[in-house]
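Structure first, commentary second.
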Amino acid sequence: MHNAKALLPLIVLFMLGSAALPGCTRMGGLRARMAADELAHQVPIVGDPITVGRLNAIIIDNPYGKVKVYAKSMHEEARIHFRVDKESRLRWRSARMGLDFDPTGEYFTAVHSNDGELSTLTIAPTDLSVDGFRPPVDLTVYIPQCDGLDIRNAGGKVIIVGVTGVINVESGTSIREGGHIEIRTQEGQIESIHATTNNGHVTLVTGPTSAGTIELIAPRGKTSFNSRYGIVNHSMPSKGHWTGIWNDGTNEIRLSSQDGDATVMVVENPVMYSSGKTR
């Protein structure tokens, strides 16, 4: 009897441990499913890996969806993720209609080419559709550094963080509305930036050492150049239009919104700043 009492705590511990095992198993299964889901939502890059220490340019064409580009040295190599907007709802509706909808289909191709000096990552849409309908698909690109960027999209916002070099963004087409555009550069930007949307705000957040010949266009909204740094010459403000030369820059910075505001914000840490207008 005495021995039975001594073994009682060990029996209780064994039972508690056994009860915890199914939960651990479920947690391990959840992690595995999450990892598989993340892998299924990646766009494979054809070509050499894009790593730190080389000049990289990106060309993106997304006919229907958001585009986000994050250039940070913490990313060891480039990765591309996509997500069908309202994926669960589309899956449910397609099942009810008897359609074969795959939210992890090959909606994009990505090819990395290198001419010896500049490497270029080209992301293009496939013709994948569901009975003639291509769902909105959001793209997110993580890259160690980006030294030039060209984006065409519609049906969603564009967010660009940490990119240097020439930046061109066109959001919206004649048949589909664009979205908000927010560009947050590194500390200094002395290359040209062209960003235009037919529906939303266009915001450039840049550092005190940047410069440029600036033109802001917003016929139905407001234009503003907000800076406590540098010198602005030949400023010409008018309704829906603002021009000026900042820090004697010759590179052209042109922000245009057909139905929103066009804004330049100059701050000390532009990568970490958010205007909140793209949310």
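The values are calculated or read from the model by the stated rules, or taken from the named source; none is laboratory data. As the structure is a computational prediction, the values presented were derived from the model and not from experiment. For neighbour counting, all protein chains shown are included, and Cβ atoms are generated from backbone atoms with ideal geometry for every residue, glycine included.
A count restricted to the range 32-91 and to residues that are modelled with pLDDT of 85 or more and assigned to a strand (DSSP E or B) stands at 23. For the range 121-131, the set of residues classified as at pLDDT 95 or above and surrounded by 15 or more Cβ atoms within 10 Å (Cβ to Cβ) consists of L121, T122, I123, P125, listed by residue number. Any residue that is surrounded by fewer than 19 Cβ atoms within 10 Å (Cβ to Cβ), in a loop (DSSP other than H, G, I, E, B) and modelled with pLDDT under 95 - is there at least one of those in the range 105-114? So far as the range 105-114 goes, yes, one or more of its residues are surrounded by fewer than 19 Cβ atoms within 10 Å (Cβ to Cβ), in a loop (DSSP other than H, G, I, E, B) and modelled with pLDDT under 95.
From the list V141, V205, V232, V166, the one residue that fits, being in contact with a helix residue (DSSP H, G or I) (Cβ under 7 Å, 6 or more places away or on another chain) and among the aliphatic types (A, V, I, L, M), is V205. Evaluated against (1) loosely packed, with under 13 Cβ neighbours inside 10 Å; (2) over 21 Å from the mean Cα position of the chain (by Cα); (3) under 19 Å from V158 (Cβ atoms), D248 falls short on exactly one condition, (3). For the range 149-171, residues that are farther than 19 Å from G207 by Cα and touching a residue at least 40 places away in the same chain (Cβ under 8 Å) total 9. For the range 184-271, the strands (runs of 3 or more DSSP E) that sit wholly inside it and include 2 or more residues that are touching a residue at least 12 places away in the same chain (Cβ under 8 Å) and more than 16 Å from V169 (Cα to Cα) are 212-217, 223-226, 232-238, 241-246, 262-266. Residues of the range 182-222 being among the small types (G, A, S) and surrounded by fewer than 23 Cβ atoms within 10 Å (Cβ to Cβ), which ones? G188, S192, G207, A211, G221, listed by residue number.
Out of curiosity, is V271 aliphatic (A, V, I, L, M), within 19 Å of the chain's Cα centre (by Cα) and at pLDDT below 95? Answer is yes for this residue.
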